[in-house]
Amino acid sequence: MYNFDFEKPESVADAIAALQGEEAQALGGGQTLIPTLKQRLASPSTLVSLKGIAEMQGVCMGDDGSVCIGGATNHATVAAEAGAYPALADTAAHIGDPAVRNRGTIGGSLANNDPSACYPAAALGSGATIVTNARQIAADDYFQGMFTTALDEGEIITEVRFPVPEKANYQKFVQPASRFALVGVYVAKYADGVRVAITGASNDGVFRWAEAEAALSANFSASALDGLSLSGDDMISDLHGTGEYRAHLCAVMTKRAVAAA
Amino acid sequence: MPKDGGIGASSKRREDVRFLTGVGNYTDDINIHGQAHVFFLRSDIAHGTLNSVDTTAASGMPGVVRIFTGDDFAGVGSIPCGWQITDKHGEPMQEPAHPVLATGKVRHVGEPIAAVVAETLEQARDAAEAINVDIAELPAVVDMKAALADGSAKVHDDLSNNLCYDWGFVEENKAATDAAFEAAAHVTSLELVNNRLVANPMEPRVAVGDYARGTDEHTLYTTSQNPHVIRLLMGAFVLGIPEHKLRVVAPDVGGGFGTKIFHYQEEAFCTFAAKACNRAVKWTSSRTEAFMSDAHGRDHVTKIELALDADNNFTALRTETHANMGAYLSTFAPSVPTWLHGTLMAGNYKTPLIYVNVKAVFTNTVPVDAYRGAGRPEATFQLERVVDKAARELGVDPIALRRQNFITEFPYATPVAVEYDTGDYNATMDKLEEMGDFAGFAARRAESEAKGKLRGLGVNCYIEACGIAPSNLVGQLGARAGLYESATVRVNATGGLVVMTGSHSHGQGHETSFAQVVADMIGIDESMIEIVHGDTSKVPMGMGTYGSRSIAVGGSAMVRATEKIINKAKKIASHLLEASETDIELKDGAFSVAGTDKSVAWGDVTLAAYVPHNYPLEDIEPGLEETAFYDPSNFTYPSGAYACEVEVDPDTGKVSIERFIAADDFGNIINPMIVTGQVHGGLAQGIGQALLENCAYDENGQLLSASYMDYAMPRADDLPMFDVDHSCQTPCTHNPLGVKGCGEAGAIGSPPAVVNAVVDALQSAGKDVTHVDMPLSPDRVWAAMQ
Amino acid sequence: MTQVSMTVNGKAASGQVEGRTLLSSFLRDELKLTGTHVGCDTSQCGACVVHVDGIAVKSCTMLAAEADGADVSTIEGQANADGSLNVIQQAFQDHHGLQCGFCTPGMVMSAAALLKDNPKPSEQEVRDYLEGNICRCTGYHNIVKAIMAASGQDVGAIAAE
């Protein structure tokens, strides 16, 4: 690792101030960032830990009935405390491994927007609102391609608000080495329609499968998906599977998520 | 029947206490006052001309002690290869030089180009980034068959081509074998890949070099399976340091699996640099470095053909294999696809004619050498896959076909130059059938199908050869080392013993099991015996631990030394008891005169040896310390039968192991608990090879699986509980303990069982799939079904 | 360099660290607690697992500065007060749940975290919990068995000795 200064502010305002420094970078749980730093693929001058900010911690219910998760809340806490949205809690319970879940944060995951991460699927699939120190961003506007988001420099995720669906489920088919999603499908049924978000598959990062959403909005059953398929042409093709295989898994995992929801 | 200590008891491991409390002493735990750290700048290009390495800017960076490049090793020898193969024309293999740091060219991603010694590792790394390396990239040689084609780029410009050797075995059998194929009633053939693996012991490699200017003595602490071999190879061939000035210590070592046998550049570098810098120099491999610098394993591409007569008797077998050597010859690399592979091609069967051809090929990849099983898994996999395929083609029961062709009379001389001393292949198969409840398989398959899953059953046999020997034979075969083992048994005045063994324990539990043997021989408590290993300054000589040789060879040396101790102690006892030596009996730690109640305790005899007041000084020397070297007369031949049941998810291709059953014959067993653990570990690695692990390069020689993000290590939820038995025991006839070795069996025997099971599952669904190459990852299985 | 202070295995510990100093490096290099091992650089093998404020974390993926003021426990602090092996350690020895010993500290620390949350885990729960701890020697059979035995469950029915 290149060396850096370490700061641990106790308020969002102090964190934002600290992030104004040149090459300053926010540190959530560090479960992706620290391995990246070890490879010397990043060289921040200052790491600003968000873990000391009490107002960014924990799970609560919003006035509109949504589940609100502080940006610095770790996955284990979401798994344990987001019982009002069981599919979300279950998704959190299967990210990484137990020790990773004890450190990794929802804000860190969404800010990184790894194309194989679980939370982007949950957020997009739930039509969540990403709340930052500056604004509120709809999930549909937030994810802008692999490792790319609507966040501005120095902007941090303070909270994520998930409207609670009637039914939802996340199905992850793991890449056997990394245990990230080779394909992960998040399906959520709301009163105004069904959302289907897919991670792991696309070269453009997490995406919604509109055709499946339309079919499921009309008939929320696995059989409604019969005959629907995605093209593998723009999907990730690597050691662990071709684009064609990933496209196939998208359909399989979507059906399974619907059946399990 | 469980015993209370001694041979056959599941004694708990004494080494566990330090490992469980965090006070083990692994190489990275060793820090020497004033040590500097080295960071190796490694090539990120697979093949290129090294035009220049400019260290000017880097040399002035903070903390830099010295920067080394290939030029600094001009007077230093090449990293040696320990085995020379003679090809089918009687010519020696092509053997390239292997520099400590690259000179002239880089030949694989990960090859060290420069080494920065600095006060801290991060400073060394900072400076390494400031080194200016100019490499003119050349076409990478990756695919083995393309490497042998005319016009291929050459990995080594001074060799005539990329062919290390073209080996025929047994060349005299070739014509008769071909004739048998002409006459065959049925021929089954199969082309397959034995996938490249990375051994991945959990402890990455570490080397700490130290130098004492006052005495001109070098010390190397290293993560090695055989410190004496490193001392010999590095001292005599690379650095020119005589053995009495070079101490090599391999303390607690966190797993080896073959890849810690070999002598590596980093060891030579740290030893060399400690003198050059006049301070200790430490290198700790990161896992990422391990992937591109630890010798890899397997990587064979094979065509195998089996000829059968009208009665389904195997009449001939022939194979053509391309074996990847990587860019340089690692220590034992040439022996793996030849003598450790060709000699096993008879397997458990009385096939009368066998011909094996192996072309070993240089490529721009990390060197390939022995990995758990080393040649024997490759032999077993192709043989047991082709036998299974033959059974399916002929519509006969795969177990019956195997039984029909089993060798049943011993000793048995195979057509591939080895003689099996003992075995009972029907016994292990009987045991497997008993454990496996194959009659219940149809019901289990129906249950799986009710869940939408395909279920398959795969069975196979294996034979392995452990404790490769004797030295005079392996010398004829090209080994540049002896393959004996030594042990010194030192008895202290108060009766305790220290056994100094050349075997090395890096997870095998020798400190416990070796003590059990000596305790049993003398009749004293195991706690009175200390096992010392891993330090050339303590142990007289050692060839180390690999090839499942420790108990069969190292244990035998220890038995021989202990026998000498007992013989001398009997002389002392006969003096003390005033009786004839021939009447002295040793039992339960006491010497007695046969037929009388006269006896003297072990401790009184050992005290007399060191306080020789009442002692036959005119006949024997005082003291009680003996050394023995044991050179086996033959290999040992463990064998067994394995079964695997899998479920395949037809929608995703995901395979899960539902049951795995192993019936092994290891001959006599010292510690059943440890033996079972060895089998479990071997099975996990074999199943890992079959389902998960794949070391892949792209066409430019870039390593695609360079971390645990892409190299799938078996994890707890990938594996089932194993059902393991070793009650079938045909003791080895030629070593004193009747033991055979058990460390590699699981890794050798399990891959074909898994693949046979998956093929069975896919065929049960009507899929015309006769083979899928390992690893049987979900994408590959799914693709095979389409 | 900044000063960090923490409690490690019940004792006060402090030292000067850089921002980049990992907790694993601080434990191993500064405090000489070399029982915590580092087996990978991608946060996957789990040989480095320790507890920070009672929670299992990968100490190679946490900065020492992040543990400032925390209560840290490592493998060196697991034995009983009289030095004898604790229940989990003893079960690992009794059931041969370790071979080379390198992954063992992380396994024991993860097992302790599991049993704190789930005192009687099923075999599948143990296997799932060990997702972040890689062992190359044992095939996990005896690790799983040891952890179940440490939880007081009868493991007699599990195959093999």
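The values are calculated or read from the model by the stated rules, or taken from the named source; none is laboratory data. Predicted model, so just to flag it, every value in this text is computed and none were measured. Virtual Cβ from ideal backbone geometry, glycine too; neighbours counted across all protein chains shown. These area figures cover heavy atoms from the full protein model, side chains too; ligands, DNA and RNA do not enter into them. Shrake-Rupley method; radii C 1.70, N 1.55, O 1.52, S 1.80 Å.
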FRET efficiency, B:Ala236 to B:Val498 (Cβ-Cβ, R0 30 Å, nearest 0.05): 0.60
Between chains B and C, what is the buried accessible area summed over both chains (1.4 Å probe, protein heavy atoms, nearest 100 Å²)? 4500 Å²
Hey, what's the protein assembly as shown come to in accessible area per residue, 1.4 Å probe, Å²? 33 Å²
Please report, ordered by residue number, every helix of chain B (full DSSP H runs) that is 24 Å or longer along its axis going by C-alpha atoms and whose mean Kyte-Doolittle hydropathy reaches 0.0. B:555-577, B:672-691, B:745-764
Could you tell me the extents of region C:87-150's C-alpha atoms along the three principal axes, largest first, rounded to whole Å? 28, 22, 17
Which FRET efficiency, nearest 0.05, do B:Leu617 and B:Val193 yield, Cβ-Cβ r, R0 51 Å? 0.15
If I take every Cα pair under 8 Å that is 6 or more residues apart in chain B, average their sequence separation and divide by the length, what percent do I get for the relative contact order? 15 percent
Computed for B with A: buried accessible area summed over both chains, 1.4 Å probe, rounded to 100 Å², at 1900 Å²
Which whole-number percent is the relative contact order of region A:167-260 (Cα, under 8 Å, 6+ apart)? 29 percent
Cα Rg, Dmax (largest Cα-Cα span) when computed across region B:62-166, Å: 17.4, 57
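Any chance you could list the semi-axes, whole Å, largest first, of the equivalent ellipsoid that the Cα gyration tensor gives for region C:2-77, using √(5λ)?
Computed over region C:2-77, the values are 17, 14, 11 Å.
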Potential lengthening between B:Asn668 and B:Ser656 on full extension [0.36 nm per residue; Cα-Cα distance subtracted]: 1.0 nm
For B:Lys105, the lysines lying under 28 Å Cα to Cα, once residues fewer than eight places off in the same chain are dropped, come out as B:Lys145, B:Lys154, B:Lys260, B:Lys275, B:Lys282, B:Lys359
Carbon and sulfur: what percent of region B:484-630's accessible surface (1.4 Å probe)? 47 percent
Looking at the P(r) of region A:168-210, how many percent of alpha-carbon pairs lie beyond 15 Å? 43 percent
Of A:Asp204, A:Asp140, A:Asp64, which is the most mobile in a GNM of chain A whose springs link Cα atoms less than 10 angstrom apart? A:Asp64
Whether region A:155-261 is rounded, prolate or oblate, judged on the alpha carbon gyration tensor where a/c under 1.5 counts as rounded: oblate
Project the alpha carbons of region B:341-438 onto their principal axes and report the range along each, largest first, in whole Å. 47, 29, 26
Rounded, prolate or oblate: which fits region B:586-673 when a ≥ b ≥ c are the square roots of the eigenvalues of the alpha-carbon gyration tensor, with rounded for a/c under 1.5 and prolate only if a/b beats b/c? prolate
Name the residues of region A:92-123 whose amide N is less than 19 Å from a point 7 angstrom out from the Cα of A:Ala260 along the C-beta direction? A:92-98, A:101, A:116-123
Per 5 angstrom bin, beginning at 0 and ending with the bin that holds the maximum distance, the Cα pairs of region A:20-114 fall in percents of 3, 14, 22, 24, 17, 10, 7, 4, 1
Cα-based Rg / Dmax (Å) for chain A: 17.9, 55
Roughly what % of DSSP beta bridges within chain B run antiparallel, to the nearest 5? 80 percent
I want to check the label-to-label distance for B:Lys451 and B:Ala310. Put each point 7 Å from Cα in the C-beta direction and report it in nm to one decimal. 4.7 nm
Separation between the B:Glu129 and B:Ala57 pseudo-spin-labels, each 7 Å from Cα along Cα→Cβ, expressed in nm? 1.2 nm
Please say if region A:194-250 is rounded, prolate or oblate, where rounded means a/c under 1.5 for a ≥ b ≥ c the square roots of the C-alpha gyration tensor eigenvalues, and otherwise the choice is prolate for a/b larger than b/c and oblate otherwise? prolate
Spin-label model distance (nm) - B:Ala212 vs A:Ala80, 7 Å beyond Cα toward Cβ: 5.4 nm
Cut-off under 23 Å on the C-alpha distance; same-chain residues fewer than 8 positions from C:Lys11 excluded. Which lysines are left, in chain and number order? C:Lys32, C:Lys58, C:Lys116
Given the protein chains as shown and a 1.4 Å probe, how many square angstrom of B:Arg780 are accessible, to the nearest 10? 80 Å²
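Sorting A:Phe143, C:Phe92 by accessible area (1.4 Å probe), largest first, what list results?
A:Phe143, C:Phe92
Quantify how much of the Cα-Cα distance distribution of region C:39-161 extends past 19 Å, in percent. It would help to have the intermediate numbers written out before the result.
Numbers: 3415 of 7503 pairs.
It works out to 46 percent of all Cα pairs.
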Magnitude of the Cβ-charge dipole of region A:5-162, K/R +1 and D/E -1, about the Cα centre, nearest 20 debye? 500 debye
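How much of the accessible area of region C:87-150, probe 1.4 Å, is carbon plus sulfur, in whole percent?
The computed percentage sits at 53.
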Neighbour net charge for A:Leu110 - beta-carbon separation under 15 angstrom, K R +1, D E -1: -4
Contact order normalised by residue count of region B:221-340, Cα under 8 Å, 6+ apart, percent: 19 percent
Working from the pairwise distances between different alpha carbons, so that the mean of 1/r is found and then inverted, what is region B:484-630's Kirkwood radius in Å? 15.5 Å
Here the alpha-carbon Rg of chain B over 2.2 N^0.38 Å rounds to 0.99
Per Stokes-Einstein, at 37 °C and 0.692 mPa s, what whole-number D in µm² s⁻¹ belongs to the protein assembly as shown, with the Kirkwood radius over Cα pairs as the hydrodynamic radius? 104 µm²/s
Quote the total accessible area buried by chains C and A together, excluding ligands, DNA and RNA, probe 1.4 Å, nearest 100 Å². 2000 Å²
Using a 1.4 Å probe on the heavy atoms of the protein chains only, list every residue of region C:28-67 that has 40 Å² or more less accessible area in the complete assembly than in its chain alone. C:Arg28, C:Thr34, C:Gly39, C:Asp41, C:Thr42, C:Gln44, C:Lys58, C:Thr61, C:Leu63, C:Glu66
